[in-house]
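For reference, the structure is listed below as structure tokens.
Values in this text are rule-based calculations from the coordinates and carry no lab data. The structure displayed is predicted, hence computed values, not measured ones. Counting neighbours? That spans all protein chains shown, and the Cβs are built from the backbone with ideal geometry, glycine included.
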Amino acid sequence: MKNQLLSLAAFCSLFTAINPVSAQVWTPTGAPLAGWVSVASSADGTKLIASGDDTYVSTNSGSTWSLNLPGVGGYPYVASSTNGAKLVVMSGNGIFASANSGGSWATNTSLNGMSWGGVASSADGTKLVAVANADPDDNPGSIYVSTDSGITWNPTSAPVNYWSSVASSADGTRLVAVAMSDTNQANGGPIYISTDSGNTWNPTTAPIYSWSSVASSADGTRLVAAPMNDGNGHPVPIYTSMDSGTTWNANTTTTNPAYSNESMAANYWSHVASSADGTKLTAFGQLEDEWNIHAGLTAISTNAGTNWTITTSLEMTWASAASSADGSKVVVAVNGDGIYTDAATTSWALAGAPATNFWQSIAASEDGTRLVAAAGYNYFTGQNGPVYLSTNSGATWALVPALNTNGAQGVASSPDGTKLVAAAEYVEISTNSGATWHLTSVTASNWVSAAVSSNGSTLAVVCGGALESGPIYVSTNSGITWAPGGNAPTAGGWSSVACSWDGTKMVAAQNFSSFGYYGAVPGYIYISTNSGSTWSLASTPSGRWASVASSSDGTRLVAVANEDKNGNQGLIYFSTNSGLTWSSNNVVPQEWSSVASSADGTKLVAVANTGLMLISTNSGTTWATNIAPIAAWQPVALSSDGSKIIAGSYYGSIYISQLVQAAAPPWLSLSLSGNQAFLTWPTNAAGFNLQQNTNLLSTNWVTVTNQSVITNLLYQVTVPKTNRQNFYRLKTP
């Protein structure tokens, strides 16, 4: 039996992962944010070691980490035996070796001051090879080997170079080393191989490039090398060898090149990782466009580099990567950030939307099955992106080809997903779930956000953006006619608008309020309780407000800022009384980009383009981190019950949380008008009966027999207002 008292606000949810995603949905491990340099993995991927200023180890695939060597510094590189027992940390401040998974360490200071480029281990951890980028005097470095698990080290006969990476076969006999530049630092560097555990070294026929990373199969026959550039600053392909480095081939085949500059041949590759058999490869790189925007790319190959698929494009500075022996678990360390994995059992899945758009806005139907997304302007192609629709929770998407609003900044959806709005230069609406669209009469402008009531009669759009000012326009007849939003300011640049399901209560946010002598003046939040006829200034502080969201009845509101009024990172504010008062809390400041709310306003999600996603289950009072994929988050949407999160990357993919939520008790609302009281609750709460009692201590609950009507997707029962107290609840058998 489920009971829901009018005064009770409960959220009892059980989240369970379904359809755990496969590779290349990158989720954070439990590692702290740090200046990571290097990461290594055991063969099964359960034991990890990572180092930067400090060295951490994990024994559960990164779920938790423990500080092992504090204050190592010296730009350290790490390696691990296949069982994770023997570890080595190569630092400019010393070489540290462990034979018990980091339980204790032996220190060697004979090579202090070296600028190491990498270290590799044999399967049993006894044979190690390390390459120096430079010696203590900044001269080109040498290659060193150890045959006693890192206790002692000896230089090899390899020529000096500015070595950048090294890899080893499982038995430690076949080695490969790559250099970033030659001894004059004028051109790229060579690739050298050894077939006798480093006793002798020979150059290969690989081109002279600025090589940044190399990986090897367990038998040393399959090699993969990543060049940062050709030695003269130009991007070049990844190279592979199938014969232990005797011959090398450029990998230029991309199965899904979005644009000419997103291919295997046109990026600055920084790191590669390989499975033990050399067939499963993961590459990490940097993409550079004409605006010098750098986005971290990841690409995978399942056939030893013959074909590659570019999977994600992220604003990340990759530091190091490692793979399990079977290639199913890859970890990547991000400099100045966290450590991420593609092997976590996660509640997130990649949607079927193209991963080549600058997603600006997403809206969802009440149940999350019908979605509409605006791709916005694409800075790589110089073209406006289209609007996409999905009718199956994001599994597949259809492009809307006929819109005048291509490049739409804002989209909105009614709870049932039938009434849609797309806003850009023009505003277009659909009343049949996007099957057909028609252009409204609203004046052409830079419309950036839209809101729609549940019946589609009330619409609101706001004009603005980062640099353009403009008005709020409202329609109360399904877009036939439009009028300016009363006394709402027109001098500022609006960023977001939201409304209650009945369209009477609205909230709008400004990115800036005006242009002053020193540029844009931070904006404000405005509230309307009469469908946009008049607006009042909210009590929130000024800031570069990015997004607002509302509960279905308009009482619970949430707003996020990209920056505060002083130019610092923004905060999250929330209201539980239709915007009369607002509160914030100790949520970490971020450049917040979007926020979404469940229908009852208790479940909230806020995202930042820095990759952070926070969840609140108590209307914003407290927030917790969501273990979401790594992405430069821009738009976000929620299903009405808060169980489905749909989030888009500023340049990349759309992700959907596949969460199963135990049905939460429906919320029951009471409003008064004249001599009548109106009780309402959601229509998706099937099987609940309204009951009444005059005494909470009594068990004499009786079913209210007044006929319910449906309005704005809510059951509504009208009862007379009396002079005695009455309590109401919802009950299921």
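The gain in end-to-end length when the Asp416 to Asp53 segment is fully stretched comes to 125.5 nm, 0.36 nm per residue minus the alpha carbon separation.
Where a ≥ b ≥ c are the square roots of the eigenvalues of the C-alpha gyration tensor, would you call the stretch 349-657 rounded, which needs a/c under 1.5, or, failing that, prolate if a/b is larger than b/c, or oblate? In terms of gyration-tensor shape, rounded. Could you tell me whether the stretch 33-345 comes out rounded, prolate or oblate from its Cα gyration tensor? Rule is a ≥ b ≥ c as square roots of the eigenvalues, rounded for a/c under 1.5, then prolate if a/b exceeds b/c, otherwise oblate. Since a/c stays below 1.5, the shape of the stretch 33-345 is classed as rounded. Annotation: extensible slack from Thr205 through Ile627 equals 147.5 nm (criterion: 0.36 nm per residue apart, minus Cα-Cα distance). Each label was represented as a point 7 Å from its Cα along the Cα-to-Cβ direction; for Asp219 and Glu591 these points are 4.9 nm apart. Entry note, the chain: relative contact order of 9 percent, from Cα contacts under 8 Å with a spacing of 6+ residues. With the cut-off at 1.5 for a/c, could you classify the stretch 497-637 from its C-alpha gyration tensor as rounded, prolate or oblate? The shape class here is oblate. Spin-label pair Lys721-Ser583: with each label point 7 Å from Cα along the Cα-Cβ axis, the two points sit 2.8 nm from one another.
A full extension of the chain between Ser110 and Ala483 corresponds to an added length of 126.5 nm, given 0.36 nm per residue minus the alpha carbon distance. Among the listed pairs Lys505/Lys731; Lys419/Lys731; Lys419/Lys644; Lys603/Lys731; Lys280/Lys644, a Cα-Cα separation exceeding 24 Å is found for Lys505/Lys731; Lys419/Lys731; Lys280/Lys644.
Protection proxy ranking, highest mean first, for peptides 495-501, 477-483, 442-448: 495-501, 442-448, 477-483, where packing is the per-residue count of other beta-carbon atoms within 10 Å, averaged. Measuring r between the beta carbons of Ser328 and Asn100 and using R0 = 25 Å, the FRET efficiency lands at 0.40.
For Arg544, neighbours were defined as the other residues whose beta-carbon sits under 12 Å from its Cβ, and their charges (Lys and Arg +1, Asp and Glu -1) total -2.
Summing charges over neighbours of Asn577, with a neighbour being any other residue whose Cβ is under 14 Å away from its Cβ, gives +1 when K and R count +1 and D and E count -1. Which net charge results for the neighbourhood of Asn693, defined as the other residues with beta-carbon distances under 14 angstrom from its beta-carbon, given Lys and Arg at +1 and Asp and Glu at -1? So the environment of Asn693 carries a net charge of +3. For Lys127, the aspartates and glutamates whose Cα comes closer than 13 Å to its Cα, not counting residues fewer than 8 places off in the same chain, are Asp148, Asp171, Asp196. Each of the peptides 185-192, 617-624 was scored by the mean count of other Cβ atoms within 10 Å over its residues; in descending order, highest first, they stand as 185-192, 617-624.
When peptides 193-202, 221-230 are sorted by average Cβ neighbour count within 10 Å, with the highest value leading, the order is 221-230, 193-202.
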